[in-house]
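For reference, the structure discussed in these notes is given below.
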Amino acid sequence: MKTSYGVFFAVLAALGASWAGFVLGPLIQLGAAQQTTVLNSTDVYPIQRPGLAAMGAQVYRSYGCAACHTRQVQQTGISFEVVLTSPGKDPVTVSNLLSTLKLTALTKEAADTAAKTLTDAGGKTETHLSATGADISRGWGSRHSVAADYLYDVPVELGTLRAGPDLANIGQRNPDANWQLVHLYAPKAVVKDSAMPSFKFLFQVRPVGAAPSPDALKLPAGFEAPAGMEVVPTAEGAELAAYLLSLHADAPLYEAPYTPATAKP
Amino acid sequence: MNPNATQPCGCSARDGKADASLQVPLLALFGGAALWLVAGLALGLIAGIKFHAPDFLGACPLLTYGRVVAAANNLVLYGFAIPAALGVMLWVLTRSSRMPLVLPLVPVAAANIWHLGVLVGVAGIFLGGSTGYPWLEFSRAAAVLQFTAFLLIAVSAAATLGWRREQELFPAHWFIYAALVWFAWTYSSANLFLNGVFPPRGVVQNIIDWWFTNNLLFVWLGLAGLGIGFYLLPRLGGRPLTCSGLTLFGFLGLIFFGTWCGIPIGAPVPAWLPVVSIVAALLTVPAIIALGLVSLRTALGAQAKCLGGPLCFTRFGLLMFFVSSLLYLLNFCPKVGPIVQFTWFGFGLTQLQLLGFFAMIVFGGIYEALPEVMGRPLPFAGLVRVHFFANMIGVLLFTVPLLIGGVAQGLKLLDATAPFADSTQTALKFLRISSLGQLFILVGAGLFALNLFVMTLQWKLALVKSLIAAAKAPLPDAEVKA
């Protein structure tokens, strides 16, 4: 290339193509995405976060929590499990079959075969689907995260580093507001080998007034406030805890199916 | 090392007019950059210490880990790497065009606007105004200032290139020219969508951010760094760049395929996006190998010896371009990506790209350009060598443990039977070594800043002296008679 025109047009073509592919394309495909329906249900998903949690998302952004925490669950595959719901008219045959058949951690084909064997013997079965992977085994979620989980978030903070655990479902894993607040105030009080710094500035240590505040933290032994004092979250602290409690992204969806535990008999 | 040697790269002999036009723009760009570099590295060290002692400076809400690390990254990239590289590019363009800088006052204004933008952006991060998108944390006001400044510098650079006296375009030109268009397009586009009034829905935000980050940290750093490196290497080594065809192949591969990398495997986005990145990363590998071969053959044929001067900086930088680019592409290998995602690997790799490859070449360019343009030697020329070794050792100590530790951490993360705390503990051992590396880099940067500030001071003193001398000088006869 001896002239600047050649370079200019090559650059224009190269960058233009990737812009069309990675900026324009996703905008067309997902830019107008709407709520979807939860699998086998009429519930819509996701729902907007309530006001306090929405404000807490901005606290999460402002202090840079995403520098250490991801908010995305990964999955490596799926597995099937055949569950007998009724032994039918011939319980002996079915129960004999049960002891010989492998019923968990199956592929789709193996699950179908096992289910057919049991149904042929008169039993009634259900086939349950579950996601597999290290994140799922750790209990960080029931399925991998998908685009629909982040529909209403601005900014969407997926995170790049797991210096701390994934938070995609922290609100479901620990639905106790006091636990979340105590963890922010003194992480080691609830997680012994936590590497998280304490966020004491989100709390106010103040003398107990005429009556103790209903918002005061219930701190475990060894971490109590000094005598006559109580620990109360500031506005930001309460918002952040509300946001963490609102993190709950495991509705079964068409693109991320699984059988919820409650459906099991 | 003779600048008047035969011109293997279009580099012209010294030119007084061109030097004068470059003095103020370069001092303005480099001075601010050196200051931000020292500040950014110091903040990076503080962020590192927070991992050894989580509650270090923990009482201060301004200095949470998330804020400090974002400020440190942005200061090194936007505060130092980009303005310093733009200064060196202006110098390369004036030299290779055999022209004085066109519109020399414009880059001076632009340098000040740019550094003001960095100040606004970093203050915003500390006060909680970060946008929350990696590498686009600066607020809207800061982004507008930076984009304006970049356009002004690009106008001056493009005009210098357009009115060049030397007609032939050299490989260094392709890269620099492409870098100018690349940044303007990606930075404006990403900020319009993510930092504008109506951000797109859901994960489209992340896709645009990944596109931008890949095009800035991989493609742009590659284009700008190689543009400067492919000018410096022939000039310092006294031997032209070998294999123009191979260079062209590498250039086209980098811009046509490199630009499609960046969407992580397993991201919660439609599946075609990460697949495109996997294929693109595979197609970019030959381009990186070609560019590495060109650098290697040119460096081997150099007549000059590497004694800790600009040539050493350039060579080490080019080597690290090769290494860091291949490691980066490895992220998109389906066997490797899932192990190293969410670990210190990615952080270490970015630091290798920024400080090992890019900053090294830019330092080389500055140490070569400044004495020539200012017409005086560096005040502490011996410190250049110390800086080289401090930075080289520092970069290796900083990044290699993070890369290895990242893999170890990733393997623990994928092992569901190991408790989560194990992965953190594994990484912590490696983090301790890397903080030592950060200290080395910081000391080196301090020496760099010292040279730069003393030189600026000397230049200002000389300017004042010449003004006083002019004022005291007897008036010419013609004016006395009038």
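The values are calculated or read from the model by the stated rules, or taken from the named source; none is laboratory data. This is a predicted model, so every value here is computed, not measured. Neighbour counts run over all protein chains shown; Cβ positions are idealised from the backbone, glycine included.
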Notebook entry, point to check: Scanning for something surrounded by 19 or more Cβ atoms within 10 Å (Cβ to Cβ) and free of Cβ contacts under 8 Å to residues at least 60 places away in the same chain, does region B:306-314 turn up at least one residue?
Noted result: no
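In region A:238-260, is there at least one residue being hydroxyl-bearing (Ser, Thr, Tyr) and in contact with a helix residue (DSSP H, G or I) (Cβ under 8 Å, 6 or more places away or on another chain)?
Within region A:238-260, one or more residues are hydroxyl-bearing (Ser, Thr, Tyr) and in contact with a helix residue (DSSP H, G or I) (Cβ under 8 Å, 6 or more places away or on another chain).
Restricting the search to region A:217-261, which residues are in a loop (DSSP other than H, G, I, E, B), crowded, with 19+ Cβ neighbours inside 10 Å and among the aliphatic types (A, V, I, L, M)?
In the first step, residues of region A:217-261 are kept if they are in a loop (DSSP other than H, G, I, E, B); the result is A:217-228, A:234, A:247-252, A:254-255, A:257-260.
Pick out the ones that are also crowded, with 19+ Cβ neighbours inside 10 Å and you get A:217, A:247, A:249-252, A:258-259.
Those that are in a loop (DSSP other than H, G, I, E, B), crowded, with 19+ Cβ neighbours inside 10 Å and among the aliphatic types (A, V, I, L, M): A:Leu217, A:Leu247, A:Ala249, A:Ala251.
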Notebook entry, point to check: Of these, A:Ala168, A:Ala163, A:Ala189, A:Ala195, which one is more than 18 Å from A:Gln74 (Cα to Cα), small (Gly, Ala, Ser), touching a helix residue (DSSP H, G or I) at 6+ places or on another chain (Cβ under 8 Å) and outside any helix (DSSP H, G or I)?
Noted result: A:Ala195
Check: What do you reckon, is B:Gly266 within 14 Å of chain A (Cβ to nearest Cβ), closer than 21 Å to B:Gly348 by Cα and touching a residue at least 40 places away in the same chain (Cβ under 8 Å)?
Finding: yes
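Could we say that A:Ser86 is over 30 Å from A:Asn169 (Cβ atoms), away from chain B (no Cβ under 11 Å) and hydroxyl-bearing (Ser, Thr, Tyr) here?
yes
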Notebook entry, point to check: Within the group B:Leu461, B:Leu452, B:Leu457, which residue is in contact with a helix residue (DSSP H, G or I) (Cβ under 9 Å, 6 or more places away or on another chain) and assigned by TED's automatic domain parsing to the domain that holds B:Met392?
Noted result: B:Leu452
Next item on the list: Could you figure out which of (1) of a type in the set (A, V, I, L, M); (2) within 14 Å of chain B (Cβ to nearest Cβ); (3) under 28 Å from A:Asp166 (Cβ atoms) isn't true of A:Leu52?
Entry: (2)
Note to self: Going by what's in this entry, would B:Gln409 be described as over 17 Å from the mean Cα position of the chain (by Cα), surrounded by 19 or more Cβ atoms within 10 Å (Cβ to Cβ) and within 23 Å of B:Asn74 (Cα to Cα)?
What the structure shows: no
Checklist line | Among the candidates A:Thr119, A:Thr127, residue that is more than 9 Å from chain B (Cβ to nearest Cβ), surrounded by fewer than 23 Cβ atoms within 10 Å (Cβ to Cβ), in a strand (DSSP E or B) and hydroxyl-bearing (Ser, Thr, Tyr) | finding: A:Thr127
Check: Say we look at region A:26-46 and pick out the residues that are within 14 Å of chain B (Cβ to nearest Cβ) and of a type in the set (A, V, I, L, M, F, W, C); which of these is surrounded by the fewest Cβ atoms within 10 Å (Cβ to Cβ)?
Finding: A:Ala32
Checklist line | Residue count, region B:119-159 (criterion: within 19 Å of B:Pro83 (Cα to Cα), assigned to a helix (DSSP H, G or I) and among the aromatic types (Phe, Trp, Tyr)) | finding: 2
Next item on the list: Read through the list (1) at pLDDT below 95; (2) part of a helix (DSSP H, G or I), then give the number of the only condition that A:Leu181 fails.
Entry: (1)
Next item on the list: Among the helices (runs of 4 or more DSSP H) lying completely within region A:1-115, list those that include at least 2 residues that are at pLDDT 95 or above.
Entry: A:4-19, A:25-30, A:51-62
Next item on the list: Please verify whether region B:157-175 includes one or more residues that are modelled with pLDDT of 95 or more and not assigned by TED's automatic domain parsing to the domain that holds B:Ile82.
Entry: yes
Margin query: Out of everything in region B:51-82 that is at the interface with chain A (Cβ under 7 Å from one of its Cβ atoms), assigned to a helix (DSSP H, G or I) and not aromatic (Phe, Trp, Tyr), what residue ends up being surrounded by the most Cβ atoms within 10 Å (Cβ to Cβ)?
Written below: B:Ala70
Next item on the list: Assess whether A:Leu245 counts as being more than 13 Å from every other protein chain (Cβ to nearest Cβ), in contact with a Gly (Cβ under 7 Å, 6 or more places away or on another chain), aliphatic (A, V, I, L, M) and closer than 29 Å to B:Ser423 by Cα.
Entry: yes
Checklist line | Residue among B:Ala184, B:Ala190 that is at pLDDT 95 or above, surrounded by fewer than 18 Cβ atoms within 10 Å (Cβ to Cβ) and within 12 Å of chain A (Cβ to nearest Cβ) | finding: B:Ala184
Note to self: Filter region B:287-314 down to the residues that are in contact with a Gly (Cβ under 6 Å, 6 or more places away or on another chain) and not small (Gly, Ala, Ser) and list them by number.
What the structure shows: B:Leu291, B:Gln303, B:Pro310, B:Phe313, B:Thr314
Check: Of the residues B:Leu457, B:Leu467, B:Leu378, which single one is surrounded by 16 or more Cβ atoms within 10 Å (Cβ to Cβ), more than 14 Å from chain A (Cβ to nearest Cβ), more than 30 Å from B:Ile339 (Cβ to Cβ) and not acidic (Asp, Glu)?
Finding: B:Leu378
Note to self: Every residue in region B:238-268 that is more than 24 Å from B:Gln353 (Cβ to Cβ) and surrounded by fewer than 24 Cβ atoms within 10 Å (Cβ to Cβ), please.
What the structure shows: B:Gly238, B:Arg239, B:Pro240, B:Thr242, B:Cys243, B:Ser244, B:Gly245
Notebook entry, point to check: Given B:Lys335, B:Lys429, which one is of a type in the set (Lys, Arg) and either outside any helix (DSSP H, G or I) or in contact (Cβ under 8 Å) with a residue 40 or more places away in the chain (or both)?
Noted result: B:Lys335
